[in-house]
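As structure tokens, the structure follows; a few thoughts come after it.
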Amino acid sequence: MKAQAGDRLRFRSAVSGHCGAEILMVRGREHGGPPYPVRFDGGRVALVVPRPDAVPEPVPLAELDDEAAPSR
């Protein structure tokens, strides 16, 4: 799995249903690899090594453009 800061991780499980988390930074040995410090939708922060039920979702380009734009 490869990811970058700002990407979302979606977790699908028959037991817990669906939940998500934002990747805060990439610290893995391989560029873009786990483990990832994440902030779950409920606000909890944890270090995660995603299981096979986790699906990375890249941050949309529009959101990147909005962050790069100067504030008025």
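Details
- Cβ-based net charge around ARG51, under 15 Å, with every Lys or Arg adding one and every Asp or Glu removing one: +1
- The length gained by stretching the chain between VAL49 and LYS2 to full extension, at 0.36 nm per residue less their Cα-Cα distance, is 15.8 nm.
- Stretched out straight at 0.36 nm per residue, the stretch from VAL59 to ASP41 would grow longer than its current Cα-Cα span by 4.9 nm.
- Net charge of neighbours whose Cβ lies under 15 Å from the Cβ of ASP41, counting Lys and Arg as +1 and Asp and Glu as -1: +2
- Per-residue packing, averaged as other Cβ atoms within 10 Å, sorts the ranges 50-60, 29-39 into the order 29-39, 50-60, beginning with the highest.
Read-outs: derived from the displayed coordinates by stated rules, not from any lab. This structure is a prediction, so every number in the text was calculated from the model and none was measured. Because the Cβ atoms are built from the backbone with ideal geometry, glycine has one as well, and the counts that use them run over all protein chains shown.
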